[in-house]
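Chemist: After the structure tokens below, expect a handful of questions from me.
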Amino acid sequence: MKKLSPSILSADFNILGSQIETIRQSGADYLHIDVMDGAFVKSISYGMPLIKSIRKNTDLFFDVHLMINEPIRYIREFAECGADLINVHYEACSDITSTLEEIRKTGVKAGLTIKPGTDVSVLKEFIDKVDLILLMSVEPGFGGQKFIESTYTRLALLKAMVSCLDNPPEIEVDGGINLLNAKKVLDAGADVIVAGSSIFKGDLKENLDAFMNICRSV
């Protein structure tokens, strides 16, 4: 079965705890947590205090996406707050190998992300060093953007690249995913899809059930 990682960037923080519990009850595998620094991307979101707070009340897998410059500075702190996977941007690290090694040292899983304009080929030297690769299907930093159609070609290239490995990393796609394109993204090779506004806008439970039905059907 494919996996769903609802992004709390689009959640209602007034009722965040109950919404996370609804996500857990839906059977979703991951909880996507976007951390933005206002420098690597223009937006500022939330950070370690929020992760530490919600960790106390859920056993969901925390899929932490760091959209910050030089994330190596904060790897240990994010791991201690409860991250299960720490995902860093290729474009934000001056030393990617050292950053991934630092993640490994904490005992959590390591992920690597590339933006839509970054060539998939840059991932070749790192595909055996990560547990997950995230392809951004919108420009990072804002929710509610339209899915970039060239992602399908990039996804096919990445799928071919990792297919030679005995234990390939999961492929995650984030940005502009909704109920109309989710199955196509999964059929194209994604193992995990991230959805935010299309889950939290409207009836949360109904939207989650619809996404989970798609994940189970592929």
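The values are calculated or read from the model by the stated rules, or taken from the named source; none is laboratory data. Just so we're clear, the structure is a prediction, and the values are computed from it rather than from any experiment. Quick reminder, even Gly has a Cβ in these numbers, built from the backbone with ideal geometry, and neighbours come from all protein chains shown. Just so you know, the surface numbers come from the protein's heavy atoms only, side chains and all, with ligands and any DNA or RNA stripped out. Shrake-Rupley method; radii C 1.70, N 1.55, O 1.52, S 1.80 Å.
Chemist: Using only the Cα atoms of the range 89-218, build the gyration tensor, take square roots of its eigenvalues as a ≥ b ≥ c, and label the shape rounded, prolate or oblate: rounded if a/c is under 1.5, else prolate if a/b is larger than b/c, else oblate. Intermediate values should be presented prior to the final figure.
Modeler: Working: a/c = 1.70, a/b = 1.63, b/c = 1.05.
Taking the square roots of the gyration eigenvalues as a ≥ b ≥ c, the range 89-218 is prolate.
Chemist: Taking only protein heavy atoms and a 1.4 Å probe, what accessible area per residue, in Å², does the range 166-218 have with all protein chains in place?
Modeler: On the way: 2360 Å² over 53 residues.
I get 45 Å² per residue for the range 166-218.
Chemist: With N residues in the chain, what two-decimal value do you get for its Cα radius of gyration over 2.2 N^0.38 Å?
Modeler: 0.93
Chemist: Follow-up question, since we're still on this one. With every protein chain left in place, what is the accessible area per residue of the range 65-165 in square angstrom, probe 1.4 Å?
Modeler: Result: 43 Å² per residue.
Chemist: With every protein chain in place, what's the accessible area of L204 (1.4 Å probe, Å², nearest 10)?
Modeler: That residue has around 20 Å² of solvent-accessible surface.
Chemist: I would also like to ask the following. Roughly how many percent of the accessible protein surface of the chain is carbon and sulfur, given a 1.4 Å probe and a whole-percent answer?
Modeler: Exposed carbon and sulfur together represent 49 percent of the surface.
Chemist: How many angstrom lie between the C-alpha centres of the range 183-210 and the range 129-177?
Modeler: The range 183-210 and the range 129-177 have Cα centres spaced 15 Å from each other.
Chemist: Additional query: Just for the chain, what percent of DSSP beta bridges are antiparallel, to the closest 5?
Modeler: Counting DSSP beta bridges with both partners in the chain, the antiparallel share is about 5 percent.
Chemist: Calculate, in nm to one decimal, what S150 and E77 gain on full extension: separation in residues at 0.36 nm each, minus their alpha carbon distance.
Modeler: Answer, rounded to one decimal: 22.7 nm.
Chemist: Here is a further query. Within the range 52-96, list the trypsin sites (Lys or Arg not before Pro) lying in a DSSP loop whose Cβ has at most 13 other Cβ atoms in a 10 Å radius.
Modeler: Passing both the DSSP loop test and the Cβ count: K56.
Chemist: Considering only DSSP states other than H, G, I, E and B, which GluC sites (Glu not before Pro) in the range 129-218 qualify as loop sites with at most 11 other Cβ atoms within 10 Å?
Modeler: E149
Chemist: Most mobile of V194, V120, V185 per a Gaussian network model of the chain (Cα springs, under 10 Å)?
Modeler: Highest fluctuation of the listed residues: V120.
Chemist: For the range 100-145, state which trypsin sites (Lys or Arg not before Pro) are in a DSSP loop and have at most 16 other beta carbons lying within 10 Å of their beta carbon.
Modeler: Qualifying residues, ordered by number: K129.
Chemist: I need the shape label for the range 101-155. Rule: rounded when a/c is under 1.5, else prolate if a/b > b/c, else oblate, with a, b, c from the alpha carbon gyration tensor.
Modeler: Cα axes put the range 101-155 in the oblate bin.
Chemist: Now for a separate question. Got a sec? What order do S94, S7, S53, S45 fall in by accessible area at 1.4 Å, biggest, i.e. largest, first?
Modeler: Result of the area sort, largest leading: S94, S53, S45, S7.
Chemist: List the pairs from K3/K205; K56/K205; K184/K205; K129/K205; K124/K205 whose alpha-carbon separation is above 28 Å, in the order I gave them.
Modeler: Over 28 Å apart, Cα to Cα: K129/K205; K124/K205.
Chemist: Pick from V192, V108, V122 the residue whose mean-square fluctuation is largest in a GNM of the chain, springs joining Cα atoms under 10 Å.
Modeler: V122
Chemist: Also, I was wondering about something else. Looking only at I193, I171, I20, which one moves most when the chain is put into a Gaussian network model with springs between Cα atoms under 10 Å?
Modeler: Evaluated over the chain, the most mobile residue of the options is I20.
Chemist: Under 16 Å between alpha carbons, and skipping anything fewer than 8 positions from K146 in its own chain: which aspartates and glutamates qualify?
Modeler: Qualifying aspartates and glutamates at Cα under 16 Å: D174.
Chemist: Please give the Cα centre distance for the range 68-122 versus the range 10-32, rounded to the nearest Å.
Modeler: Taking the Cα centre of each part, the range 68-122 and the range 10-32 sit 24 Å apart.
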